[in-house]
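Before any comments, here is the structure.
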Amino acid sequence: METRAEDQLIGPLLLARGTIDRSAALRADRAWLERAWADPATRVLIIDNGHTLVRRDGDQVHAVLYAAADAPEGERFLLGVEDGVAYFAVAAPLPGTPAGDVNGRVTVPMSLRDTPDGQPVPAGLRQAGGLLGDRDAGLLVHAVALEAWHATHEFCPRCGARTVVEAGGHIRVCPHDASQHFPRVDPAVIMLVRDADDRCLLARGPQWPEGRLSVLAGFVEPGESLEAAVAREVAEEVGVAVTGPRYLGSQPWPFPRSLMLGFFADALTTALTLDPEEIAEARWFSRADLSRALETGEVRLPPPVSIARRLIETWYGEPLVGDW
């Protein structure tokens, strides 16, 4: 198969950005944490069920950061230090916003670009992740991942005792048996499969509406390499044998705790045998096929914040317009 310039992704992985030093060595220093919290220069991101407050300033979107003295009560997570300024997250209801619904969901605007300049509005990574600058995107991804883990790991899996937060929010410790528990990350491979005619394979799950297509993906199983997971998932989901998986990049996807590892792979077969529990539709696309399908609205691609979009655009050779 022809070698293409596919070792360089087109465009950044928007949720893999960040400028903050995570300062792991400071997490266990309780005296430093208290001094940092009392410092007027410290800034705090408030996180509520995966959302924070952002504000638009012209074409720019910024996270709303508070002085520690103005932050609400809640579990604190040290996000890191930059230029001598400490950054924390606090898990608490967002100031000035209505309470969430019975499931705790926060109401967010349809488009941040349509909100008034300077007005704080709630948003999650899907809405704001691609619009925030590098520093704020990194802060929000880190905070979302920690909040999601803490919300589901309040109790010790060994004895059931309620755990306590330590190490700046990066460890939970059982006071009964002294066991330590760390944030969980689930690795998942996501892969764009190409055939000998340089067509790419796109598919959708049964839970997605018609026309919403993406590349294949799946979780890495215990005792499995990333390359083996690529081959297994493609074979299981669409019945295609692949070879030569090539790693392109990774980014966190904290919904709630995935790390997406992007690959290209070459198809050895093209006949499709779909697993109906995983895949409702799968099709091979040439670049011309995909261009026509996007123009007519027959196909809608994942948003730019996803690694799936970057894989598709890298294969296509240039950025594409339109998303879910």
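Quick notes
- Isolated Cys residues of the chain, judged by Cβ distance under 4.7 Å to other cysteines: 159, 200
- The Kirkwood hydrodynamic radius of the range 89-225, based on inverse pair distances between different Cα atoms, is 19.1 Å.
- Amide H contacts for residue 241 (H built 1.01 Å from N in the peptide plane; partners 5 or more residues away or on another chain; cut-off under 5 Å): 268, 269.
- With contacts taken as Cα pairs under 8 Å and at least 6 residues apart, the range 185-316 reaches a relative contact order of 34 percent.
- With 0.36 nm allotted per residue and the present C-alpha distance subtracted, the residue 70-residue 171 stretch has 33.8 nm of extension available.
- Between the range 245-311 and the range 211-242, the C-alpha centres lie 11 angstrom from each other.
- Percentage of interatomic Cα-Cα distances in the range 15-152 larger than 28 Å: 13
- Using θ = phi - 60° and Karplus 6.51 cos²θ - 1.76 cosθ + 1.60, couplings along the range 261-270 (whole Hz; Gly, Pro as x): 10, x, 9, 9, 8, 9, 7, 8, 9, 10
- Sites residue 269 and residue 151 - FRET efficiency at Förster radius 41 Å, r taken between beta-carbons, to 0.05: 0.45
- Förster radius 35 Å - calculated FRET efficiency between residue 92 and residue 178, Cβ distance, rounded to 0.05: 0.75
- For the range 148-272, Kirkwood radius (reciprocal of mean inverse C-alpha pair distance, Å): 16.8
- Derived scalar couplings between HN and Hα for the range 26-34 equal 8, 5, 8, 8, 5, 5, 5, 4, 5 Hz in order, rounded to whole Hz, by the Karplus curve 6.51 cos²θ - 1.76 cosθ + 1.60 (θ = phi - 60°), x for Gly and Pro.
- Remark: the range 233-248, residue by residue, has Karplus-estimated 3J(HN,Hα) of 5, 5, 5, 5, 7, 10, x, 9, 8, 10, 9, x, x, 10, 6, 10 Hz, where x stands for each Gly or Pro and the curve is 6.51 cos²θ - 1.76 cosθ + 1.60 at θ = phi - 60°.
- Read-out Rg and Dmax of the Cα atoms in Å, derived from the coordinates shown; its label in (i) 17.8, 54; (ii) 19.1, 57; (iii) 21.6, 63: (iii)
Read the figures in this text as sums done on the coordinates, not as results from a lab. Quick caveat, the model's predicted, so the values are computed rather than measured. Please note: Cβ atoms are built from the backbone with ideal geometry, for glycine as well, and neighbour counts cover all protein chains shown.
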